[in-house]
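Only one structure is covered here, and it is reproduced in the block below.
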Amino acid sequence: RGRTLSFKSRPQARDDEASYIYETDGALLVENGMITAAGSYAEVASKAPAGIEVIDHRPLLLMAGLIDPHIHFPQMQVTASYAANLLEWLNTYTFVEEQRFADAAHSARFATLFFDELLRHGTTTAAAYCSVHKGSADAYFTEAQRRNLLMVGGKVMMDRNAPEALTDTAQSSYDDTKAVIADWHGKGRNHVAITPRFAITSTPAQLEAAGTLAREHPGLLIQTHLSENDAEIAYTLELYPEAKDYTDVYARYGLLTDKMLLGHAIHLSDREMHAISEAGSVAVHCPTSNLFLGSGLFDLKRLKQHGVRTAIATDIGGGSSYSLLRTLDEAYKIQQLRGHRLPPIESYWQATRGNAEALGLVDRIGTLEPGSDADIIVLDACATPAMAIRMETVTTLEEELFLMQTMGDDRSVRHVYVAGEAVHL
Ligand code: GUN
Ligand code: FE
């Protein structure tokens, strides 16, 4: 029992009340890990079996668990690395740190730390890049299953332009991805994603292998990086001179599909946006990362005009916060710099239902609709003294949401439920 907020569709304006359901005295009936009824407390109570336990979270706000559709599992110790730009950051810090995930004990330790941190921040589903090592994916999915979490992940495919110890081959990346799929996809709530890191670290033969995997497993998500940084784009076009542009590199190998999550997607021509829109691929905004690495300002308005599906993510360790609330704040500021005011309800839609739609998982997660998995967070807009003082003047849901994204972080996440079970934060 508490206030409940769940989205029905992408808000079209800041006051688009038709896009969500908000109950000031709401409740969710949870049975066997699923939400079986939602609505006003009176309504839900009338449907509940006699003697059922009532957990009273009033006056806090219940929402679907937050979803982080682009994050790097082996980069917990890469955050806050001092670099001039993306390629320097990758070569100096990231490609060094990820080598440590060759070790099973290291991977297992970080899988525990990683999911602890996500849950503390109210993130109940993520789509993560593991390292090149199959063992890192094994550690990731073992721990996700142990906690009954719905997690997406993939062994990174990378066979050039990285240290020897961090490269596979076209064939071994195909074989290892096949093995990860066989071992983990559909085990517990696990979902495997085909994960070619980006064009620079894959030979044409490896992107070919990724395309083959995508054709052989049409239900699987694919994740990669696209057009994050000017030097990255220039180098990509040198490596793939036959491609029309960066987006076309992925399209040529059959990877530009409605399963594709394109991290960053910042510097795109109209042709590229059109191609991405036609394919139904998703542009994943990573605002804290784009600011931290100085990569650029995501062009949300133009992407929407082209009909491109979008998502929002942390991109830890290029990103600087695990918190989707902090991430929404930075996304808002990026749109301010672009002269575009982003409504808070659209931001919360994106972090919940919108990201679930991007992952093709909206039937399972991202809303409080009956039939969904009971991944639920309980948010507090008065989490700090400064927030509580500001809340004294807040009168609307929109203002409360905006305050929480502007000033809030993990401290606003008071309770988390995974498949109906309370998580110890
Ligand atoms: N491009 C290729 N790999 C990475 C990565 O690990 N992080 C970011 N931000 N961009 C990338
Ligand atoms: Fe990334």
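The values are calculated or read from the model by the stated rules, or taken from the named source; none is laboratory data. Just so it is clear, the model here is predicted, and its values are computed rather than measured. Note that each Cβ is placed from the backbone with ideal geometry, even for glycine, and that neighbours are counted across all protein chains shown.
Quick notes
- Unmet requirement for residue 289, which otherwise passes all of (1) closer than 19 Å to residue 201 by Cβ; (2) more than 17 Å from the chain's Cα centre (by Cα); (3) part of a helix (DSSP H, G or I): (2)
- Selected residue [small (Gly, Ala, Ser), within 15 Å of ligand 2 (Cβ to nearest atom) and at pLDDT 95 or above] from 251, 313, 275, 243: 313
- When the stretch 305-330 is filtered for residues that are of a type in the set (D, E, K, R) and touching a strand residue (DSSP E or B) at 6+ places or on another chain (Cβ under 7 Å), the ones remaining, listed by number, are 309, 315.
- Count of the stretch 292-307 residues which are in a loop (DSSP other than H, G, I, E, B) and either modelled with pLDDT under 95 or away from ligand 2 (no atom under 16 Å from the Cβ) (or both): 4
- Among the residues of the stretch 1-53, those identified as under 30 Å from residue 342 (Cβ atoms), assigned to a loop (DSSP other than H, G, I, E, B) and polar (S, T, N, Q) are 9, 12.
- Among the residues making up the stretch 70-120, those that are of a type in the set (Val, Ile, Thr) and without any contact (Cβ under 8 Å) to a residue 60 or more places away in the chain are 92, 112.
- Options 315, 258: the member that is assigned to a loop (DSSP other than H, G, I, E, B) and in contact with a Cys (Cβ under 6 Å, 6 or more places away or on another chain): 315
- Restricting the search to helices (runs of 4 or more DSSP H) fully inside the stretch 66-146 and requiring at least 2 residues that are away from ligand 1 (no atom under 16 Å from the Cβ) gives 104-120, 134-146.
- Conditions (1) buried (at least 21 other Cβ atoms within 10 Å of the Cβ); (2) in contact with a Pro (Cβ under 8 Å, 6 or more places away or on another chain): number failed by residue 376: (2)
- Options 165, 170: the member that is more than 14 Å from ligand 1 (Cβ to nearest atom), within 22 Å of residue 87 (Cα to Cα) and surrounded by fewer than 23 Cβ atoms within 10 Å (Cβ to Cβ): 165
- Only listed residue being closer than 24 Å to residue 220 by Cα and either among the β-branched types (Val, Ile, Thr) or surrounded by 17 or more Cβ atoms within 10 Å (Cβ to Cβ) (or both), chosen from 99, 145, 75: 75
- Only one of 327, 352, 310, 367 that is closer than 25 Å to residue 75 by Cα and either within 16 Å of ligand 1 (Cβ to nearest atom) or in a loop (DSSP other than H, G, I, E, B) (or both): 327
- Remark: pairs (first residue in the stretch 308-335, surrounded by fewer than 24 Cβ atoms within 10 Å (Cβ to Cβ); second residue of a type in the set (Gly, Ala, Ser) and not in a helix (DSSP H, G or I); Cβ separation under 6 Å; 6+ apart in sequence or on different chains) = 310/283.
- Options 360, 318: the member that is within 15 Å of the chain's Cα centre (by Cα) and over 30 Å from residue 38 (Cα atoms): 318
- Remark: residue 284 falls outside the filter, which requires a residue to be away from ligand 2 (no atom under 16 Å from the Cβ), within 16 Å of the chain's Cα centre (by Cα), under 30 Å from residue 148 (Cβ atoms) and not in a loop (DSSP other than H, G, I, E, B).
- Pairs are defined by a Cβ separation below 6 Å, a sequence spacing of at least 6 or placement on different chains, a first member in the stretch 179-204 that is without any contact (Cβ under 8 Å) to a residue 60 or more places away in the chain and on the phi > 0 side of the Ramachandran plot, and a second member that is away from ligand 2 (no atom under 14 Å from the Cβ) and among the hydroxyl-bearing types (Ser, Thr, Tyr); no pair meets this definition.
- Within the stretch 181-213, the residues that satisfy the criterion of being of a type outside the set (A, V, I, L, M), touching a Leu at 6+ places or on another chain (Cβ under 9 Å) and more than 16 Å from ligand 1 (Cβ to nearest atom) are 185, 188, 189, 190, 191, 204, 211.
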